[in-house]
Structure formats: C-alpha cells, structure tokens
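Enquirer: The structure is given below, and queries will be raised subsequently.
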Amino acid sequence: MANTTLPNLSNSTVITAISSSTPYNSSADLTNSLNLNNEGVGSPRWMSSFVFMVSVSVALSLLILVAIVGNSFVIAAFCIKKRLRKPSNYFILNLAVTDLSLAVLILPISAVYDVTGVWVFGEEICLVWTVMDVFISTGSILSLVAISADRYMAIRSVIFIVYYSL
C-alpha cells in the first residue's frame, strides 16, 4: 500500500475554495436565471402573452365568483332554515364567512398581482393585504380544524355509547 500524504490546507484556503464554487458568479447571472428583467417578479417569458393573461384573468374571475356565490348560499341557507342552526353547523357558518371574506377582500387583489406579475396597489395596501390574508386564511384553517374536531367527537361519542351499551 502506498503511503500518501495530504496537502497542508489552511482554513483560508478551504473557505476560498468553497466561496468560489458558488453556482452564480454574479448578481446579474441570478437576475437572468430568474428572469427578473422587465417582465414582473419572477414571471416566465410565456406569461407575458396577452392571450395567457386574458385566459388566466377569466379563470380567476370565475373562481372568485363561484366562491362568493357558493359561500353566500351557505350563509343564506343557515339564516333562512332554523333547523340548520345547530351548534355543529355554526362551524360551517364560520368557514363560509371566512371564505366569503377571503373571496371578497383578498382574492381580487391577488388575482391582479398574479396576472400582471407586478404589485400596483402601493405599499400601504400591500401591508394591509398581507395582514388580512394571513388572518383570514388562518381563520379559515382554524374553522376546518374545529369542524374536524367536532366530527371526531360526534363519531367518537357514538362509538363509545354503542360499545359500552352492549
């Protein structure tokens, strides 16, 4: 077996070797690879076509309209039909209210941003929109958690009663 000796490397040599082996040599390479030049924030070149923008706008508008109409129907049904006013259905009402507020307050601004690729509403609206998006989305998620816990407890109590009544 041959006796090999390792070269004497100092810490500065290792750090220089590591720092020079980065995949991007400059910020211009990073900008070009992400396509940040004049086409919006990180949007690929094919998204700048007019046909694509119109088709995405129509699709997002339809989704927003369906969300508004569907959640409005759920809220109206809860308000009109008294037999729907059970404690477990209040969680579904809460989910419908949060999703309706998401569809009215958050999604239209998000659709404009997604289609254009540029924020056009100013810094103050950006901050308010971000905070509302987080709060409303969190409320919607917590409503789903409450519905899941309520359904779990309902199923668990039925199994418990049937199992111990035999």
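Bear in mind that the values in this text are calculations on the coordinates, not laboratory data. Fair warning: this is a prediction, and the values are worked out from it, not measured in the lab.
Enquirer: Residue by residue, what Karplus-based ³J(HN,Hα) values in Hz, rounded to whole numbers, does segment 114-122 have, using 6.51, -1.76 and 1.60 with θ = phi - 60° and x for Gly and Pro?
Expert: My calculation for segment 114-122 gives 5, 6, 7, x, 9, 7, 10, 9, x Hz in order.
Enquirer: Compute the length gained on full extension between Phe135 and Ala59: take 0.36 nm times their separation in residues and subtract their Cα-Cα distance, giving the result in nm to one decimal. Mind showing how you got there, number by number?
Expert: Working: separation 76, 0.36 × 76 = 27.36 nm, distance 2.53 nm.
That pair, Phe135 and Ala59, stretches by 24.8 nm at full extension.
Enquirer: Calculate one ³J(HN,Hα) per residue across segment 57-71 by plugging θ = phi - 60° into the Karplus curve 6.51 cos²θ - 1.76 cosθ + 1.60, and present them in order as whole Hz with x for glycine and proline.
Expert: The phi angles translate into 4, 5, 5, 5, 5, 5, 5, 5, 5, 5, 5, 5, 5, x, 5 Hz.
Enquirer: What are the ³J(HN,Hα) couplings of segment 73-83, residue after residue, when phi is run through the Karplus curve with 6.51, -1.76, 1.60 and θ = phi - 60°? Round to Hz, x for glycine and proline.
Expert: Calculated HN-Hα couplings, in order: 5, 5, 5, 5, 4, 5, 6, 7, 8, 5, 6 Hz.
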